[in-house]
1. Give me the angle, in degrees from 0 to 90, between the Cα long axis of helix 11-20 and the longest principal axis of the Cα atoms of the chain, rounded to the nearest 10.
2. Treating the beta-carbon of each Lys and Arg as +1 and of each Asp and Glu as -1, no other charges, what is the dipole magnitude of the chain about its Cα centre, to the nearest 20 debye?
3. Rounded to the nearest 500, what is the chain's calculated 222 nm mean residue ellipticity when only DSSP H runs of at least 4 contribute -39500 (n - 2.57) each, over all residues?
4. Helix 126-137 versus the longest principal axis of the chain: what angle, 0 to 90°, nearest 10, using Cα atoms?
5. Roughly how many percent of the accessible protein surface of region 115-217 is carbon and sulfur, given a 1.4 Å probe and a whole-percent answer?
6. Kindly flag which residue pairs out of LYS20/LYS97; LYS5/LYS208; LYS19/LYS55; LYS19/LYS97; LYS5/LYS101 have an alpha-carbon separation exceeding 22 Å in this structure.
7. Send over the semi-axes of region 58-114's equivalent ellipsoid, whole angstrom and largest first, taken as the square roots of 5 times the C-alpha gyration tensor eigenvalues.
8. Let me check against my output: what whole-number percent is the relative contact order of the chain, with C-alpha pairs under 8 Å and at least 6 apart?
Amino acid sequence: MDLLKEVVLTAEEIYYIGKKINGRFLDYDYIASMADFGRIRNMKMEEIVDSLVRKGYAEEDLFGNVDIDPQVLDFIYPVYNSIFESELSVIEGAEPKIRYKFHIMDDQSVAVCGTGHEYRICRSDSRSRLELLRALTGIQQDAGEAPSEITMDQAENILITKGMWIGTEAAVYLYGIANEAFYAPDKVQTDENNTVRMHRISGNVFEKQVMQVLNGG
């Protein structure tokens, strides 16, 4: 197999590989997105193995023994063994529009993109995460004419970040994007209509705060 740039796996394939290699951790979101977890638990794995073989990620011999390509295993190693995980979601309306997970280790990290059944896994570092953040917001510079305060329902998009060291509680933060500017919610402060109010923050502050969460401090 040529040098990998990305690996594309279904949730079932991620689960299958994790069980096969005795991975240390597996984010529950992957399990929750599987179409039929009961069927997987019953070890009816033929379709999963066939799919991995078709993609060139695995080989199966005549006796049914399955070997996952070592390059694939090395590439996705952080998915099962990272000590820090973070997440970046952009929500438009009520549904996630874009969602990335980051499995971060000292010497190897990956980004996982997917809002449904299939996930694209690629290499990731702090610089690529910053470039991704800038691409997702689409804002090149602060808009001077933007209002200093909005309500959350006035935000065009909501950006949610989450960071968690394995075994600890996740830290979750959200931001609003509107009028080509960034907004952070007041400290759980609502008005008389129970509406969350958000104050404007600079692009530099926004990037610094988000990257601290995505990179693990």
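1. Once rounded, one gets 50 degrees.
2. Working: 22 positive and 36 negative charges, 62 e Å.
Roughly 300 debye for the chain.
3. Values: 8 runs with 65 residues, N = 217.
Mean residue ellipticity at 222 nm (helix-derived): -8000 deg cm²/dmol.
4. For helix 126-137, the angle is close to 60 degrees.
5. Details: 2870 of 6150 Å².
C and S atoms contribute 47 percent here.
6. Values: LYS20/LYS97 32 Å; LYS5/LYS208 28 Å; LYS19/LYS55 19 Å; LYS19/LYS97 30 Å; LYS5/LYS101 17 Å.
Over 22 Å Cα-Cα: LYS20/LYS97; LYS5/LYS208; LYS19/LYS97.
7. Values: eigenvalues 185, 57, 10 Å².
Over the Cα atoms of region 58-114, the ellipsoid semi-axes are 30, 17, 7 Å.
8. Values: 362 pairs, mean separation 38.9, N = 217.
Contact order relative to length: 18 percent.
The values are calculated or read from the model by the stated rules, or taken from the named source; none is laboratory data. This is a predicted model, so every value here is computed, not measured. Every residue, glycine among them, receives a Cβ derived from its backbone with ideal geometry; neighbour counts consider all protein chains shown. Side chains are part of the model used for accessible areas, which takes the heavy atoms of the whole protein and leaves out ligands, DNA and RNA. Shrake-Rupley method; radii C 1.70, N 1.55, O 1.52, S 1.80 Å.
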